[in-house]
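The values are calculated or read from the model by the stated rules, or taken from the named source; none is laboratory data. Keep in mind that this is a model prediction, so the values were computed, not measured. FYI the Cβ positions are ideal-geometry reconstructions off the backbone, even for glycines, and counts take in every protein chain you see. We work out accessible area using only protein heavy atoms, side chains counted, and drop any ligands, DNA or RNA first. Shrake-Rupley method; radii C 1.70, N 1.55, O 1.52, S 1.80 Å.
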Amino acid sequence: MSATTTMTAPKSTPADPQPRHPDLLTAFRLGPYSLANRMVMAPLTRNRAGPGGVPQALNAAYYAQRASAGLIVTEASQISPQGVGYPNTPGVHEPEQVAGWRRVTEAVQARDGRIFLQLWHVGRISHPMLQPGGSLDGALPVAPSAIRPEGQAVTHEGLRDFVTPRALVLGEIPGIIDQYRAAARNALSAGFDGVEVHAANGYLLDQFLRDGSNRRDDAYGGPIANRARLLLEVTEAVAKVWGADRVGVRISPVNSFNSMSDSDPDATFGHVARALNRFGLAYLHVVERDFSDRKPEPSYDRRRLRAAFEGPYIASGGYDRLRGDWALASGGADLIAFGKAFLANPDLPERFRRHAPLNPPDPTTFYGGGGRGYTDYPALDAAGAAA
Ligand code: PHB
C-alpha cells in the first residue's frame, strides 16, 4: 500500500492537507466538505423520473447505491417548464419535485454521500411538443438567436425535427435568471449539498457562450465578455442563494454535440474561467472531449484552461483509472468525473481500491425504463468478485 492509499480516509475523518501526489482514492476538501475520494459521479441523463418530473423511490435507490463517490452530481434537472428537453427528466421547479428530490438527498446523505443538483435549461434543444401545452402549437423553444440546431428532438411521441427557436428579447433575460434563482432555492430546500450550473453540451447557457449559436448584437452577444454575461449573472444569482463554495459550473469547450461550435475555444473558455474566478466557486467541471469522438476542431489547450481557473478543477470525458490517477498525480486535475463506469458500478471506488474488474455498461438501458440497467448492476460482493 502506498502512502497515498493510506490517506483514503473514511468520511468521518477530516481530509488531510492536499498531498503532493494524490490519486483517485485520496480525500479532497471541496468548499465546506471533506470528500472521501476524488471520484465524481458525472451527471447522467437517465429519463426515469415519475409523472410530472418527480423523482421516485427508484431514483433515490439508484443514487444511494452510488453514495461512495466523493461527490455525486445529479442528472440534469430542468429549472422551469420552458427548460425541458426530453421525456421523463426530473424538474426542480414544483413543490412535488422538491419533495421527490428530498428522498434522494436523504438516501444519499444517510450513506455519508455528498450530492449536488445540476441546474438545466435546454434552450433550443426543446420542441413545442415538450413545452407547456405539449402539442404542435406549444410554445417555441427559446435561445440566444433564432438558429435551428441540426437533428431531432426526443419527444414523448418519438423523434421530431428541431424547430427554429425564438430569440430571447433583452427584457426576458432577467426572467431566465429568476428561473435559475428559484431552482437554486428549491435545491436548497430539497437538502442538496450544492448545485452545479449546467453551462455545457449545447444547452441554453452554452448556446450563449459559443459564437456558433449566439449571433446577438446586444449586451449578451458579440465579444466573449458579452456572450459570458448570462452565465456570470446566473452564477452570481445562484451563489447568492448557496454561497459560492457550494456552487460549481460545468462547461464543454469543444463538444460539438447539439450542433455546437466556437471559432476560438481557447479565447472563449479562457475568458469564462478567468471571469468565474471572481466568485470563489466550489469547482469548474470541464467536459474535455467531443461526444462525437472526433478530434475537436478547432482544438483547445486544456492545460491553459486548467491554469486559468484558480479553484478546484474536475476533469470529465473518457477517463479510466490509469488516466485519472495520472491526471491527479501530475496536477492536471483535482477531481475526476466518471459517467458510464459509475452507471454500471455502484461501488466504483471500492472496485478501484481492490483492483477488481468492472461491470460493463449496457447502452440499451441508458435512457428510460425501470430498475433494469439502473439499480440492478451488482456491487462487488454480490457479483462474487470480492477478494
Ligand atoms: C442527453 O440527454 O443526451 C444529455 C443531457 C445532458 C447533457 C448531455 C446529454 O449534458
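How much accessible area does His198 have with a 1.4 Å probe, in Å² rounded to the nearest 10?
Its accessible surface works out to 10 Å², give or take rounding.
Share of segment 66-154's accessible area from carbon and sulfur, percent, 1.4 Å?
On the way: 1410 of 2920 Å².
On segment 66-154, the fraction of accessible area on carbon and sulfur atoms equals 48 percent.
Cα atoms only, segment 226-267: Rg and Dmax in Å?
Here Rg and the maximum Cα pair distance are 12.8, 34 Å.
Just to compare against my own numbers: the Cα pair-distance distribution for segment 266-320, 10 Å bins, whole % per bin, please.
23, 53, 22, 1
Counting Lys and Arg as +1 and Asp and Glu as -1, each charge on the Cβ, what is the dipole of the chain about the Cα centre in debye, to the nearest 20?
Working: 41 positive and 39 negative charges, 110 e Å.
I would put it at about 520 debye.
Counting Lys and Arg as +1 and Asp and Glu as -1, each charge on the Cβ, what is the dipole of segment 228-370 about the Cα centre in debye, to the nearest 20? The partial results should precede the final answer.
Details: 19 positive and 18 negative charges, 49 e Å.
Taking the Cα centre of segment 228-370 as origin, the dipole is about 240 debye.
Do any trypsin sites (Lys or Arg not before Pro) in segment 229-317 lie in a DSSP loop with no more than 13 other beta carbon atoms within 10 Å, and if so, which? Kindly include the intermediate steps, with their values, before the conclusion.
On the way: sites: Arg229, Lys240, Arg246, Arg250, Arg274, Arg278, Arg289, Arg294, Arg302, Arg303, Arg304, Arg306; in loops: Arg289, Arg294.
When the trypsin sites (Lys or Arg not before Pro) of segment 229-317 are filtered for loop state and at most 13 Cβ neighbours within 10 Å, Arg294 remain.
Please work out how much length the chain gains when fully extended from Glu157 to Asp178, using 0.36 nm per residue of separation minus the C-alpha to C-alpha distance, in nm with one decimal.
Roughly 4.5 nm would be gained on extension.
Select from Ala60, Ser145, Leu170 the residue farthest towards the positive end of the dipole of the chain; place +1 on Cβ of Lys and Arg, -1 on Cβ of Asp and Glu, and compute about the Cα centre.
Ala60
Say the dipole of segment 35-139 comes from +1 at the beta carbon of Lys and Arg and -1 at that of Asp and Glu; which of Ile115, Gly83, Pro51 then lies farthest toward its positive end?
Toward the positive end, the furthest listed residue is Ile115.
Per residue, how big is the convex hull around the C-alpha atoms of segment 295-387? Give it to me in cubic angstrom, could you?
Numbers: hull volume 12.6 nm³, N = 93.
In segment 295-387, the Cα hull volume divided by residue count equals 136 Å³.
Pop out the ³J(HN,Hα) list for segment 330-342 in order, Karplus 6.51 cos²θ - 1.76 cosθ + 1.60 with θ = phi - 60°, rounded to Hz; leave Gly and Pro as x.
After applying 6.51 cos²θ - 1.76 cosθ + 1.60, I find 8, x, x, 7, 9, 9, 10, 9, 10, x, 4, 5, 6 Hz.
Starting from the Cα coordinates of segment 113-201, work out the convex hull volume and express it per residue in Å³.
On the way: hull volume 11.4 nm³, N = 89.
It is 129 Å³ per residue.
Let me test this: with uniform point scatterers at the alpha carbons of segment 49-194, what is the Debye-based log₁₀ I(q)/I(0) at q = 0.09, 0.13, 0.14 1/Å?
Evaluating at q = 0.09, 0.13, 0.14 Å⁻¹ gives log10 I(q)/I(0) of -0.30, -0.60, -0.68.
I'd like the distance separating the alpha-carbon centroids of segment 48-108 and segment 282-332, in whole Å.
Cα centroid to Cα centroid, the span is 26 Å.
FRET efficiency for Leu170 and Asp211, Cβ-Cβ distance as r, R0 = 25 Å, nearest 0.05?
Values: r = 19 Å, r/R0 = 0.75.
The formula returns an efficiency of 0.85 here.
Relative contact order, percent, of segment 260-336 when contacts are C-alpha pairs under 8 Å separated by at least 6 residues? Please report the intermediate quantities before stating the final value.
Details: 83 pairs, mean separation 26.0, N = 77.
Relative contact order for segment 260-336 comes out at 34 percent.
As a test of the formula, what do you get for the chain when each DSSP H run with n ≥ 4 contributes -39,500 (n - 2.57) and the sum is divided by the residue count, at 222 nm and rounded to the nearest 500 deg cm²/dmol?
Values: 12 runs with 110 residues, N = 387.
My calculation for the chain gives -8000 deg cm²/dmol from helical runs alone.
Counting residues in the chain as N, plug N into 2.2 N^0.38 Å and put the Cα Rg over that result.
For the chain, the normalised Cα radius of gyration comes out at 0.94.
For a label point 7 Å from the Cα of Arg148 along Cα→C-beta, name the residues of segment 191-230 whose backbone N is under 18 Å from it.
From segment 191-230, the list is 213-215.
Which distance in nm do the two modelled labels at Glu297 and Lys240 give, with both placed 7 Å along the Cα-to-Cβ direction?
4.5
Quickly work out the Arg274-to-Arg354 label distance, labels modelled 7 Å from Cα along the C-beta direction, and quote it in nm with one decimal.
4.9
Farthest toward the dipole's positive end in segment 236-387, which of Pro361, Ser292, Phe309, given Cβ charges of +1 (Lys, Arg) and -1 (Asp, Glu) about the Cα centre?
The Cα lying farthest towards the positive end belongs to Phe309.
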